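Reading through the structure tokens given below for one structure.
The values are calculated or read from the model by the stated rules, or taken from the named source; none is laboratory data. None of the values given here were measured: they were computed from a predicted structure. Neighbour counts run over all protein chains shown; Cβ positions are idealised from the backbone, glycine included. Areas reflect the complete protein model, heavy atoms only, side chains present, ligands, DNA and RNA absent. Shrake-Rupley method; radii C 1.70, N 1.55, O 1.52, S 1.80 Å.
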Amino acid sequence: MKDLSGYNLVKHYIITNFDCFLYIKKEPESDKKELCRGDINLKARNNQYLCCEGNQHIIANKQKMSTWETFSFIAYPNNECALKSYEGFYICADLGSHAEIAANRPKRGEWELFHYIDLGGGYYAFKAANNKYLSFDSKTLQIFATADLIGLSEKFELLHNPVLYDTGNTLKGF
């Protein structure tokens, strides 16, 4: 490979007069312009608030909204958004497991973006990077990115806490 500008050098090994290099591909720089951000709360089908648990999984099991049930909603063009937990980690569909939603990413990349769909009446659906909708599992109370279609378990009530502001601090709806 001659052009290594898209890669970061991780390790340089010298093995019996031979140089070995280990590179990792750089994450693409985001050119997405932030439109607005604000704190929100989300309710699942069971009328419980979503919360970031100690294991960083997102679960819908809280009757009242408080600090741990608050997420930062960051809106981008084309109905894309990122969600951050109260602890400051981005939410992502963890495809290494069962596509459960976890707040464990310190940086936002393409996998930490969601496409949001306004369903009316304060309800939204979110599509993850795996092209599946976020879905509430009534047995485990967890949120997974596994649904192909929007049904009752894929509708989340979004409550502004407080209202969203654009980056110029003027009131903005989305």
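Checking the condition charged (D, E, K, R), at pLDDT 70 or above and open to solvent by 90 Å² or more (accessible area, probe 1.4 Å), which residue from LYS43, LYS64 passes?
Unique residue meeting the criteria: LYS64.
Run LYS33 past the list (1) within 17 Å of the chain's Cα centre (by Cα); (2) crowded, with 16+ Cβ neighbours inside 10 Å; (3) modelled with pLDDT under 95 and report the number of the one that doesn't hold.
Only one criterion is unmet by LYS33, namely (2).
Where in region 69-165 are there strands (runs of 3 or more DSSP E), lying wholly inside it, with at least 2 residues that are closer than 14 Å to CYS51 by Cα?
Where strands (runs of 3 or more DSSP E) fall fully within region 69-165 and carry at least 2 residues being closer than 14 Å to CYS51 by Cα, they are 71-76, 80-84, 90-94, 100-105, 143-147, 156-160.
Could you check how many residues of region 96-112 are within 14 Å of the chain's Cα centre (by Cα) and touching a residue at least 40 places away in the same chain (Cβ under 8 Å)?
The total comes to 10.
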